[in-house]
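Okay, structure first, notes after.
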Amino acid sequence: MLIQPFISMNALWLIILFVVTGCDSRFKTEDVLAQYVTDLDRSKYISISVPEVSLPNGLPSKRYRQNNLSQFDIGLLDFLSLQQCDVGHVVGQKNSILGKVMPNSQRFLYELDIIKAIESCEIKDADLSRKLDTVVNQKRQELPIAFANALFDSAEGEAFFSLSNGFLPMNYSSGSDLELLAALDRFIGLGKVLQSAPNINGNTFENDLKTLMDSEYAGRLLYSLVRITQYLNQVSNALDATDTEVCGTPLNYLRQQFKQHYVEVIQPYMGRIHTSAYGVLPRLNELIEMGNFSNSFREYLEIFLMNSEVGIWRQYQLASQKHARAWTRVFETCSVRIASNTKG
């Protein structure tokens with residue numbers, strides 16, 4: 001008699017997952033989470049499957065992210081009359097071929113330069129002086145927009161928020177955040193004094209933006225929290241469907257999987273994420289709150305706000321608590337004592 005081999009859907013998923021992501025450490029965490037679910041599903045007393053990948057929408061398109069800035073154009077005669085000042089030189093840079101396509105980081109630095117150039121220039125022509133006063137006042141009001149565009153509507157911002165970079169690594173440490181935290185602190189300090197049109201080091205500003213880009217942090221954190229949330233909720237829902245039939249020998253197996261996969265591997269990983277996120281997210285939240293964004297972009301950024309009910313941090317916390325309660329209920333139903341280090 002020929003016996004047909006049987007492969008469960010979870011096992012098939014793991015095979016596909018290994019083939020697709022086996023050489024990519026960015027998605028190793030997926031293997032770990034999937035194994036937790038798959039091994040629990042081996043028990044006939046619990047039915048659970050690997051959750052489908054369902055991620056939030058990515059960054060809104062550029063036209064929904066960027067707030068436009070006013071253009072500073074002056075007539076030829078006025079331009080020539082300003083050559084004794086830095087204004088003509090700064091405006092000339094903006095009106096050059098490269099200046100017309102300058103990235104948002106350079107545009108922010110230009111806005112600061114033009115404000116300083118106008119304010120340091122002694123204008124004898126009263127009509128021109130009034131025109132330039134109007135320009136500089138408007139430029140000052142627009143600095144938060146230029147600042148937000150430079151941080152978040154840029155190639156650096158796109159990489160920072162990209163979901164294509166996968167999970168934070170399993171061995172991720174908050175020590176990896178030191179450069180990012182320093183860059184965010186400098187951005188926050190700059191955002192607080194924008195109205196004074198501060199003198200800043202352009203190279204430092206650009207390097208901090210590169211740190212933002214290289215970290216890929218916001219997107220990787222979001223990806224990690226979303227997938228962990230989905231897995232924890234999947235486990236919780238399956239456990240909530242169990243009854244006293246799992247007590248005894250069946251629970252010994254389930255408890256072993258809980259300890260081997262969650263307590264010893266997943267929970268420590270979540271702990272490292274907690275430590276890191278509590279350093280980065282409050283700083284990112286502060287930058288978001290001081291930024292000047294379009295309504296659609298602000299709605300997207302709300303997913304990163306720690307105090308938002310619809311934010312991923314809140315959803316992740318709720319999933320973690322639900323997961324702890326589900327296991328607690330099973331253990332208490334079977335009169336099994338819970339070790340203090342198995343919370344969360």
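The values are calculated or read from the model by the stated rules, or taken from the named source; none is laboratory data. In this text, all values refer to a predicted model and were calculated from it rather than measured experimentally. Note that we place each Cβ from the backbone using ideal geometry, even for glycine, and neighbour counts take in every protein chain shown. Please note that ligands, DNA and RNA were not included when accessible areas were found on the heavy atoms of the full protein model with its side chains. Shrake-Rupley method; radii C 1.70, N 1.55, O 1.52, S 1.80 Å.
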**OP:** State which residue is nearest to residue 108 (Cα to Cα) when the search covers only region 160-190 and only residues that are in a helix (DSSP H, G or I) and in contact with a Gly (Cβ under 8 Å, 6 or more places away or on another chain).
**Re:** 160
Subject >> Subset of region 208-225 [buried (at least 18 other Cβ atoms within 10 Å of the Cβ) and either in contact with a Phe, Trp or Tyr (Cβ under 8 Å, 6 or more places away or on another chain) or on the phi > 0 side of the Ramachandran plot (or both)] >> reply: 208, 212, 215, 216, 217, 218, 219, 220, 222, 223, 224, 225
Original post:
Given the structure, is residue 38 open to solvent by less than 30 Å² (accessible area, probe 1.4 Å), modelled with pLDDT under 90 and of a type in the set (S, T, N, Q)?
Top reply: no
Original post:
What do you reckon, is residue 116 among the basic types (Lys, Arg) and at pLDDT 65 or above?
Top reply: yes
Original post:
Do we find a residue being part of a helix (DSSP H, G or I), at pLDDT below 95 and open to solvent by 50 Å² or more (accessible area, probe 1.4 Å) anywhere in region 278-285?
Top reply: no
Original post:
What is the residue count in region 187-207 for residues that are open to solvent by 40 Å² or more (accessible area, probe 1.4 Å) and closer than 15 Å to residue 149 by Cβ?
Top reply: 1
**OP:** Quick one: in region 100-113, of everything that is under 13 Å from residue 151 (Cβ atoms) and open to solvent by less than 10 Å² (accessible area, probe 1.4 Å), which residue is modelled with the highest pLDDT?
**Re:** 108
Subject >> Pairs, first open to solvent by 50 Å² or more (accessible area, probe 1.4 Å) in region 156-180, second in a helix (DSSP H, G or I) and small (Gly, Ala, Ser), C-beta under 8 Å, six or more apart >> reply: 164/219; 173/276; 176/276; 179/215
Original post:
Right, residue 146: in contact with a Ser or Thr (Cβ under 6 Å, 6 or more places away or on another chain), in contact (Cβ under 8 Å) with a residue 40 or more places away in the chain, closer than 15 Å to residue 290 by Cβ and surrounded by 20 or more Cβ atoms within 10 Å (Cβ to Cβ) or not?
Top reply: no
Subject >> Out of 86, 133, sole residue that is of a type outside the set (A, V, I, L, M, F, W, C) and either under 36 Å from the mean Cα position of the chain (by Cα) or modelled with pLDDT under 80 (or both) >> reply: 86
**OP:** Determine the pairs where a residue that is closer than 16 Å to residue 173 by Cβ, located within region 258-275, has a partner that is of a type in the set (Phe, Trp, Tyr) and open to solvent by 60 Å² or more (accessible area, probe 1.4 Å) with Cβ atoms under 7 Å apart, the partner being 6 or more residues away or on another chain.
**Re:** none
Original post:
Of the conditions (1) in a helix (DSSP H, G or I); (2) open to solvent by 30 Å² or more (accessible area, probe 1.4 Å); (3) aliphatic (A, V, I, L, M), residue 306 fails just one. Which one is it?
Top reply: (1)
Original post:
What residue, of 138, 93, is at pLDDT 75 or above, assigned to a helix (DSSP H, G or I) and open to solvent by 30 Å² or more (accessible area, probe 1.4 Å)?
Top reply: 138
Subject >> Tabulated pairs, region 206-217, first within 13 Å of residue 109 (Cβ to Cβ), second hydrophobic (A, V, I, L, M, F, W, C), C-beta under 6 angstrom, 6+ apart or interchain >> reply: 208/183
Subject >> One residue from 291, 311 being surrounded by 18 or more Cβ atoms within 10 Å (Cβ to Cβ) and farther than 16 Å from residue 148 by Cα >> reply: 311
Original post:
So which pairs qualify, if the first residue must be in region 289-307 and among the aromatic types (Phe, Trp, Tyr), the second must be modelled with pLDDT under 90, the Cβ gap must be under 7 Å, and the two must be at least 6 apart or on different chains?
Top reply: 297/60; 297/64; 297/65; 300/59; 300/60
